[in-house]
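Have a look at the structure below, then the notes.
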Amino acid sequence: MKLTALETLGFRTVNLVAHLGRMAAFIGAIAMQTVRPPWRVRRFVGEVFDVGVLSLAIVCLSGATVGAVLGLQGYTTLARFGAENSLGAVVGLSLVRELGPVLTALLVTGRAGSAMAAEIASMVTTEQLDGLRMMSIDPVDFVVKPKALAMLVSMPMLNALFICFALFGGYLVGVELLGVDGGTYVTSMENAITWEDDVAGTLLKSVIFGGLVGFIATYRGYTATPTSAGVSAATTGTVVVGSVTVLLFDYIITALWGV
Amino acid sequence: MQPSATRDLIVGLFVAIGLAAIAYLSIQVGGLSYKGPGGLRLYAVFDEIGGLKTRAPVAIAGVTVGQVIAIDLDDALRARVTLDIDPRLHLPSDTSAGIRTSGLLGDQFIALEPGAEETTLAGGEEIAMTESALSIERLIGKFVQNSGVK
Amino acid sequence: MSAPSAANLAARTESKSSRVSSELRILLEDVHLSFGGRPVYSGLNCGFPRGKISVLMGGSGSGKSTLLRLVAGLVRPDKGRILVADEDVTALSERELYRVRERIGMLFQHGALLDAMTIFDNVALPLREHTELSERDIAAEVSRRLAAVGLPDTELLMPRQLSGGMLRRAALARAIISDPEIVLCDEPFSGLDPVNVRRIEKLLVELNVRLGITLLVTSHHIPSSLRMADQITFLVNGEAVTGTPAELQKSTDKRVREFLDAERDDPSPGVDA
């Protein structure tokens with residue numbers, strides 16, 4: 001059946017709208033289950049372990065490294081203007097405003113987001129979700145909700161830890177290695193970063209990123225085709241779509257907030 | 001990890017250090033402090049506020065004692081700034097308020113210089129003596145004018 | 001747990017011929033369904049009687065598992081009515097379906113146990129979710145059911161540590177722990193050795209004889225099916241041919257004959273092809 005270009009466009013538009021509708025319905029279902037008992041605290045705690053605790057290593061390590069690089073690069077550039085004493089401010093502001101929330105979100109998407117999608121997708125493949133339905137248990141309530149919420153809650157904490165480790169990495173390089181005065185580093189950092197303009201913004205960003213990645217990972221897993229290829233597609237799709245979405249929303253939030 | 005007391009403990013620790021990191025960033029680095037409303041409210045009217053913004057700090061001798069909470073125009077179309085100040089302070093009624101810049105190119109803030117009167121300012125009162133913001137353009141303009149007129 | 005005695009079996013065989021008058025607990029009326037353009041059923045009509053063991057047979061791709069999923073409400077037909085325990089599952093919302101499913105248990109082909117939880121937690125799940133029983137009572141009930149299916153010491157094992165047959169029996173324990181009146185079994189014999197096939201067959205028959213559970217089983221496994229079924233339904237080309245094992249074995253329907261004769265000429269040793 002040959003379709004004209006217009007028909008294809010129409011078909012795709014309808015498909016897209018239907019897709020968006022399904023996603024909205026999914027988010028709605030999660031939201032509804034969130035405000036209703038059973039609260040599933042045990043499962044939530046387990047998911048926070050999987051998302052948060054298991055991501056600690058990569059987040060803290062990357063944080064320290066990124067901070068060190070910032071310290072190095074920042075120093076080199078600032079030294080040209082004789083402004084090395086502002087290193088703390090430069091490292092701190094870059095981290096708090098942008099690098100912290102964005103890099104943390106990208107790392108967590110890759111590590112925990114993909115794992116989340118893979119787990120749910122393989123539960124679809126092995127009929128575990130149908131098994132739950134047959135026991136009159138809603139899979140969105142039992143499986144999806146704790147995971148999505150765990151991602152939402154863990155992200156700001158991981159972001160804060162990333163920033164702290166990065167600030168320390170910058171300190172190590174700037175102060176111990178390159179000779180910036182320790183007190184000056186810390187003071188310039190503390191003076192430049194304010195709660196209202198910077199820290200509140202970073203927390204807001206990381207909460208939004210957490211929600212987005214939590215939704216994308218669980219949605220991709222939940223709607224995966226029940227085959228091995230489907231599991232793989234869900235996993236890689238989560239990383240790709242999740243990463244792009246984080247970057248896109250970073251721009252949107254920055255533009256709206258003025259951060 | 002299987003549900004266990006150990007797992008719960010580890011998650012608890014994670015949340016604890018996560019919240020501690022957030023608190024550190026907010027309070028120590030970001031300067032968040034609990035400043036509820038209910039401080040001493042004072043008004044100051046200026047001809048020119050320059051780049052003064054709300055939430056700009058109010059300082060005495062360089063020490064932050066409050067912040068600007070509102071800026072609007074009064075009936076005479078001059079800028080009326082509302083200050084929220086630590087209620088424990090007793091400011092003499094001839095205290096003056098000036099708009100200063102922190103550093104050469106920094107943000108603007110309000111500097112209060114206490115006077116010598118016995119009576120103190122009460123809530124809702126207006127600071128009589130105010131010094132408007134210095135505008136670099138005007139200064140340069142004056143300088144140019146002055147050197148021009150010879 | 002013992003196999004039904006010879007007397008029992010004989011009694012059941014006699015009642016098979018009067019089966020037609022039994023009330024139909026599951027009924028499919030004029031069901032149409034296609035997947036991706038390919039029609040699976042075009043006007044399927046069949047019914048399964050209460051308190052009996054019904055076996056669903058047919059070649060691969062004939063839609064046996066799909067029929068179970070339709071009955072369970074996991075798939076919606078394009079057209080038609082499906083009555084399960086007096087409720088039309090095609091007309092119910094997901095929420096309402098959960099209510100109906102409290103009376104239905106399902107044994108999936110690969111067990112579908114949650115692989116991140118122990119066997120105990122898996123079997124206990126329906127009780128923990130839907131009853132107010134104390135942990136002690138739940139533990140007692142889980143132990144009882146696992147013992148009944150011949151898995152007394154498996155509670156702390158994970159599903160991946162069990163063999164196929166054991167996994168299926170654990171899943172069966174989970175399916176019946178809430179005392180459902182209907183149990184759907186998707187290919188319970190597939191991939192098992194003859195000993196395990198017999199084991200499962202005995203368990204299923206016992207469920208039916210002792211607890212009066214209505215069983216709907218899909219299977220390729222002809223010997224077991226002929227032995228345990230009160231009614232056999234053949235699915236061919238989206239249509240149902242129904243009868244007792246005795247009737248079908250004498251059937252002159254070409255499609256049925258083809259299936260049964262393949263078995264006779266080349267009897268499977270009990271392991272599914």
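Would you mind ranking C:Lys52, C:Lys254, A:Lys205 so that the residue whose beta carbon has the fewest other beta carbons within 10 Å leads the list? Mind dumping the intermediate values first?
Values: C:Lys52 22, C:Lys254 9, A:Lys205 28.
With the sparsest Cβ surroundings first, the list reads C:Lys254, C:Lys52, A:Lys205.
In summary, the aspartates and glutamates within cross-link reach of B:Lys142, defined as a Cα separation below 19 angstrom excluding same-chain residues under 8 places away, comprise B:Asp47, B:Glu48, B:Glu131. Once the Cα atoms are used to define both axes, helix C:254-265 deviates from the longest principal axis of chain C by about 60 degrees.
Nearest 10 degrees is fine. How inclined is helix C:135-148 to the longest principal axis of chain C, computing both from alpha carbons? Compared with the principal axis, the helix lies near 40 degrees. Just to confirm my numbers, what's the Cα centroid distance between segment C:133-201 and segment A:56-130 in Å? For segment C:133-201 versus segment A:56-130, the Cα centre distance is 46 Å. Checking the Cα-Cα distances for C:Lys52/C:Lys250; C:Lys52/C:Lys254; C:Lys52/C:Lys79; C:Lys64/C:Lys254 against a 24 Å cut-off, the pairs over it are C:Lys52/C:Lys254; C:Lys52/C:Lys79. Between A:Leu9 and C:Glu181, the simple label model (points 7 Å from Cα in the Cβ direction) yields a spacing of 5.8 nm.
Rank these for me by crowding, A:Tyr185, B:Tyr24, going from fewest to most other beta carbons within 10 Å.
Working: A:Tyr185 24, B:Tyr24 16.
In order of increasing Cβ crowding within 10 Å: B:Tyr24, A:Tyr185.
The modelled label-to-label distance for the pair C:Glu239/A:Asn191, using points 7 Å beyond Cα in the direction of Cβ, is 9.1 nm. Shielding value for B:7-14 is 5, the average number of Cβ atoms from other chains within 10 Å of each residue's Cβ.
Within segment B:87-130, report the GluC sites (Glu not before Pro) that DSSP leaves as loop and that have at most 16 other Cβ atoms within 10 Å.
Numbers: sites: B:Glu117, B:Glu118, B:Glu125, B:Glu126; in loops: B:Glu117, B:Glu118, B:Glu125.
Passing sites in segment B:87-130 are B:Glu117, B:Glu118, B:Glu125.
Can you tell which of B:Ala128, B:Ala44, B:Ala97 shows the greatest fluctuation in a Gaussian network model of chain B with Cα springs below 10 Å? So, out of B:Ala128, B:Ala44, B:Ala97, the one fluctuating most is B:Ala128.
Quick note: the coordinates plus some simple rules give every number you see, no bench work behind them. This is a predicted model, so every value here is computed, not measured. Positions of Cβ are backbone-derived with ideal geometry, glycine not excepted, and every protein chain shown enters the neighbour counts.
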